[in-house]
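Contents: one structure, followed by commentary.
A short reminder: the numbers here are calculations on the coordinates, not readings from a lab. This structure is a prediction, so every number in the text was calculated from the model and none was measured. When we count neighbours, we look across all protein chains shown, and the Cβ atoms used for this are built from the backbone with ideal geometry, even at glycine.
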Amino acid sequence: MIAEGAVEAGCRFFAGYPITPASGIYKFMIDKLPRRGDVAISSPDEISALAFCVGASLRGFKSMTATSGPGFSLMTETLQYAVMTETPVVVALVQRLGPSTGGATQGGQGDVLFVGHSIAGGYTIPVFSPSTPLEAYELTIHAFNVAEKLRTPVVLLADKEVAMTSENVDYERLCKTEMIDRKYFSQKDGTFKTYSFSSGNEVPDFACLGGMERVTATGSAHDKAGRLQKNSPETIEVLKHLQEKIDSHAEEIARVEIDLGEGADILVLSYGVSARTSREAVSSLRKDGKKVSFLNVKTLFPIPKISLIDAASEVKRVVVVEENMTGLYRSQIKSLFADKEVVGVNGVGRMIGPDEIQVAAAVENQRVRR
Amino acid sequence: MTEVDGTRYRGTFLKAGVRFPYCKGCGHQHITRAIDNALVKLQLDPSHVNITSDIGCVGLVDALFDNVHSLHTTHGRSTAFATGVELADSILADSALKNVVVIGDGGAMIGLLHLVNAAQLNVDLAVVLYDNFLFGMTGGQNSSFSPLDFVTATTPYGNIIPPIDLITLLQGANAGFLARKTATDADLSDTIAEAIAYPGFALVEVLELCTEYATRGNSIRGNKLAEVMPGKILELGVISRKGDRLDFGSAYKKRFETVKKEVVQEPDGIAPRYGNGIVDKTRIIIAGTAGERVQSSAYMLVEAAVLSGANATQKNDNPVTQGTGFSLSEVVLSREEIFYTGIETPEVVIVVSEDGLTELNSQRVFQSANEKTLFIIDESLQTPVCKGSVLREPLRKRFTPSGAAFAGIVLASKMRDILPKEAFIDIARRQKRSKDLLSIAGQVYADK
């Protein structure tokens, strides 16, 4: 569904390198894109895969690659380059059990902070996490839209369970989403500079390599014209702008599914595969007469703070469910719930079961479970 | 190639009054001027030229040019980025862009894979390798291109490793155009022009000396640059010029021009047409041996379930080597939307081979069962100790090993009234081996 969403979003260039559990996306694109006259190509490694995509995007075409944790490690260099050069590109990262090669066919949600903090300097790249095939489809289109609109790399953080489980999908439930393309520079707007903006949160108009405007793209610190500079005021302004343009659109790109329970004093918060289990647990808890709210965080970064705080405003306890050892996302959002008890339900190398969530939600003064 | 626009053409592609940021006598200046002369010679439209630069002193080259596009990249990756630009340009756009890559000997080694890959693909790039035998910008450390006995900051007693011969290496990757020159060659710009015009991968290695670091402690001089390999003199000039390969973009378009015209039958969706007997979530585990149609049979169960108006999920497991050992599917069926796809306690377990039995034992599936669990086990296997009811059937003998999983599934569905017979018949009809499958379903339902 990620691959179908990508095609629908107008992806015209895919570079792939085989890796379980992301190879299905690669295969789909190889079968689909060339027949449409588009490019799907095998790259010799993951570094090349993302570099090809960045090159193709700079030439003016929506691009995507797909990988898992070990491949993403190799891509971080080029991901940072995409941030610095303000290049729209989508990376689908289908998580497996880590660290290192970990477990190729085992699920996990252990790459959350690795992805969320993958850019030196603390820059935020948008990260979206689907839990169902329908969400995978919609969030992939959203990922392309955000990448295009904000000229940024975007990571679609799926996991083995979501990507490799076959299930029936009701296509009639697919939302029709608007497709957004990057804004191109128009000569009536004045003189072209590769990275021109007037206020920091603005996204520079795009011109492609090979077009009439002279593009000067660089991964080194630069001024608005793309000239290499060290510590000039304009360069610092550009460096700040790279974060400001993301921050200022945080609420706009936030996607959360909120299912508030009337009078609820507990909020079960999750994402990805664990959100599916959480939903089941919440529905059982409600059947037992418990008052519970449910939050499926589909935009992990930038953290949708307002939505999270709002959803938890009435509850006493927040239960954060995720398939990693220490509660990676919980560590990022805990400070938003200062006056509440925040507990984690975590698992490593296995899917978390609904029972564990029900226990964590029900027991008073529950300690953090590992 | 596009004719030059007379109003934009100034006789040089370099910035007016350009000042080279290089040390006195550095070959980088000669090579960069040669690239400029080559562009002038080819009468290219500057907006159709993209110079992709790498890291190091060579990374400053692109900024010396005017009106052309430039892409300053990360160390060694210049070729990979330019490959992406060129693939998109040649296949998705009008293929008018000329991509020139400038890279140093350090970048050539860290990005060796990208050069080999681009040569193998025959991507239409012209790579100019500024080879001064060391890392100049970082303090004169030795590179993989440093000559034997070369004294550098990091080989103070002389380099004990002979240098790599990139051109020979790229010949192994079937590179189209390869040349080796020195920075002071009068005809360097002609060779670079030929490389840019060449329709495919072209690389010109240009030998030069770093005036800051190479001349200290080394007797090698600019006129002896070809003698850096022990026991042989490096060949200079155009070494390879192939005329028999299409560049990648053209080859890709040619191949898919024919494929595009084929009508592709998209798989039909399945609309529910039958009812089902599912009450609560029904969790089914099917275990057997790879290659014996376990997972494809489980998928038929999923399709039959959807055809009967149920929701279904399927997860498969097998050893990483794919074609050997156990093969296992976990199927969940429900009237409600399925969120949690895990199976703590299965309602049905079907085991059709020794591999499957061993795997289920190691996953402790038999311990997880309860009184309501139905086990359908091939009669050739030992019956495990477990709760629930166990049915031993000659599935392999009667329906062949590759029919056993499907037979077990149909039998379980019949016994527990999960899905109607018609759903299996409909799905079986759509398969390549429909005759065998229909016969299996028929026999299972005919049994008392």
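Here is how the numbers come out for the structure above:
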| quantity | calculated |
| --- | --- |
| Relative pair counts by distance (%), Cα atoms of the protein assembly as shown, 20 Å bins | 15, 40, 30, 14, 1 |
| Whether the range B:282-446 is rounded, prolate or oblate, judged on the alpha carbon gyration tensor where a/c under 1.5 counts as rounded | rounded |
| Lys, Arg +1 and Asp, Glu -1 on Cβ, resulting dipole of the range B:260-339 about Cα centre, debye, nearest 20 | 60 debye |
| Top positive-direction residue, dipole computed over chain B with Cβ charges, set B:117, B:332, B:69 | B:332 |
| Cβ-based net charge around residue A:232, under 15 Å, with every Lys or Arg adding one and every Asp or Glu removing one | +2 |
| Radius, Kirkwood style, for the range A:58-158 when every pair of distinct Cα atoms is counted (Å) | 13.7 Å |
| P(r) tail fraction, the range A:133-291 - alpha-carbon pairs more than 22 Å apart, % | 59 percent |
| Inter-probe distance in nm under a simple model that places probes 7 Å from Cα toward Cβ, at residue A:27 and residue A:247 | 4.5 nm |
| Relative contact order for chain B, counting Cα pairs under 8 Å that sit 6 or more residues apart, in percent | 11 percent |
| In the range A:273-357, GluC sites (Glu not before Pro) in a DSSP loop with at most 15 other beta-carbon atoms within 10 Å | A:314 |
| Spacing of the two label points (7 Å from each Cα toward its C-beta) at residue B:321 and residue B:18, in nm | 5.8 nm |
| 10 Å-binned pair-distance histogram of the range A:2-173 (Cα, whole percent) | 11, 44, 38, 7, 0 |
| Cut-off 10 Å between beta-carbons: net charge of the residues surrounding residue A:353, Lys and Arg +1, Asp and Glu -1 | -3 |
| Tail beyond 27 Å, pair distance distribution of the range B:27-256 (Cα, percent) | 28 percent |
| Net dipole in debye of chain B [+1 Lys, Arg Cβ; -1 Asp, Glu Cβ; about Cα centre; nearest 20] | 760 debye |
| Whole-percent pair-distance distribution, where bins are 5 Å wide, for the alpha carbons of the range A:256-362 | 2, 14, 27, 28, 19, 8, 1, 0 |
| Label-reachable residues, the range B:10-24, where backbone N falls under 20 Å from a point 7 Å from residue B:215's Cα toward its Cβ | B:20-24 |
| Which of B:226, B:209, B:239, positive extreme of dipole for the range B:198-285 (C-beta unit charges) | B:239 |
| Helix axis angle, A:23-32 relative to chain A longest principal axis, alpha carbon, degrees | 50 degrees |
| For chain A, diffusion coefficient by Stokes-Einstein and Kirkwood Rh (Cα), 20 °C, 1.002 mPa s, µm²/s | 101 µm²/s |
| Extreme residue, positive dipole direction of the range A:200-239, given options A:236, A:218, A:204 (C-beta unit charges) | A:218 |
| Residue among A:346, A:145, A:168 with the largest mean-square fluctuation in a Gaussian network model of chain A, springs linking Cα atoms under 10 Å | A:168 |
| For residues of A:216-223, the mean tally of beta carbons on other chains within 10 Å | 5 |
| Rotationally averaged projected area of the range A:4-77 (alpha carbon convex hull; nm²) | 4.5 nm² |
| Estimated 222 nm signal from helices in chain B, with DSSP H stretches of n ≥ 4 weighted -39500 (n - 2.57), rounded to 500 | -9500 deg cm²/dmol |
| Reciprocal mean inverse distance between Cα atoms of chain B - Kirkwood radius, Å | 27.1 Å |
| Cβ charges +1 (Lys, Arg) and -1 (Asp, Glu), total dipole of chain A, debye | 480 debye |
| Those trypsin sites (Lys or Arg not before Pro) in the range B:282-369 that DSSP places in a loop and that have at most 14 other beta carbons within 10 Å | B:335, B:364 |
| Low-density loop positions, GluC sites (Glu not before Pro), the range B:315-360 - DSSP coil, at most 15 other Cβ in 10 Å | B:336, B:337, B:344 |
| Distance between modelled label sites at residue B:141 and residue B:43, nm, 7 Å Cα→Cβ extension | 4.7 nm |
